[in-house]
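Heads up, the thing below is written out as structure tokens.
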Amino acid sequence: MSQTVLLNFLTAVPEAAAIWSALTVLALVLLAVLVARPERDGAGEPVPDPVDAEALHRADLARYADEVAVAAAGATQTARRRREQWLAAQSEADRAWTAYDEADAAARRLAGAGALPAPHTPRTPAEYAARERWLHHAAMTAHWRGELTARQLADVLAHRNGWDPRRHPAEQEIALARTVRDGRRAGWETAAERERLAWRDAELAAEAARTLAAESYAAITALRPAPASRVSTASRVPVPSAVRGARWRPARVG
């Protein structure tokens, strides 16, 4: 009995020793892996180079300055074009006002003359035919001068909207003068509105050009090398957000 137990013991000891040896080796391997992993992770991440970061920063800032300079140049051209358009609209409004003023003065003179009694003429078919011919001729002449529109001329020839060829030529002349004056006033009001809108567009374009010019100057100034005593990482001018990898797109100005 004792020999059997001894035999079993001697047989199991090598197996247990082999198992414990394997477990010890596995534990040592795992410990080595855990110890070495932080070193490998740290070795895989390069330490940022301050010189490279500064160069990258200045490259981004230079690209931003170029983009803003191009946008500022385009905004300046737009502002110049808007100002020329406003000056043209202003000249047109001045001409429209002058035409209205002249038409108003003519209508006033004729209205004053109309206060006098009209000369007596016989009311015969020939007289009415002569009055009609006079009205048609006066209306055609006013249309050729640009004082009556085609629709107004059609009304006169068709005797619509109050045009009566039987009225005395003096009365017809006053009516024509008032019609021309009203048309000139409407034309001046339209031209004045166009001039106002052109002035607004010119002001918006000029403000956009001033803003972009200021940003361009600030970007160029940031690119200039600072004095040696002031050079530091903390004092570095930051690149505006969303600049890296993006193009400058100014807002449209009219």
*Only one of Arg224, Arg210 is among the basic types (Lys, Arg), within 30 Å of Val70 (Cβ to Cβ) and at pLDDT below 90; which?*
Arg224
*Could you run through the stretch 147-171 and say how many residues are surrounded by 12 or more Cβ atoms within 10 Å (Cβ to Cβ) and not in a helix (DSSP H, G or I)?*
10
*Considering only the stretch 157-214, state which residues are more than 25 Å from Arg80 (Cα to Cα) and either in contact with a Cys (Cβ under 9 Å, 6 or more places away or on another chain) or of a type in the set (Lys, Arg) (or both).*
Arg160, Arg166, Arg167, Arg178, Arg181, Arg184, Arg185
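Residue-wise test of (1) within 28 Å of Asp94 (Cβ to Cβ); (2) touching a helix residue (DSSP H, G or I) at 6+ places or on another chain (Cβ under 8 Å); (3) hydroxyl-bearing (Ser, Thr, Tyr).
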| position | (1), (2), (3) |
| --- | --- |
| Pro125 | no, no, no |
| Arg131 | no, yes, no |
| His143 | yes, yes, no |
| Glu147 | yes, yes, no |
| Gly162 | no, yes, no |
| Arg166 | no, yes, no |
| Ile174 | yes, yes, no |
*If you check Arg37, Arg58, Arg82, which single one turns out to be surrounded by 10 or more Cβ atoms within 10 Å (Cβ to Cβ), modelled with pLDDT of 75 or more, of a type in the set (D, E, K, R) and farther than 19 Å from Arg210 by Cα?*
Arg58
*Residue that is in a helix (DSSP H, G or I) and under 26 Å from Arg123 (Cα atoms), where the choices are Arg178, Arg184*: Arg178
*Looking at (1) loosely packed, with under 12 Cβ neighbours inside 10 Å; (2) more than 46 Å from the chain's Cα centre (by Cα); (3) part of a helix (DSSP H, G or I), find the lone condition where Leu135 falls short.*
(1)
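The values are calculated or read from the model by the stated rules, or taken from the named source; none is laboratory data. Quick caveat: nothing in here was measured; it's all calculated off a predicted structure. Note: ideal-geometry Cβ built from the backbone for every residue, glycine included; neighbour counts use all protein chains shown.
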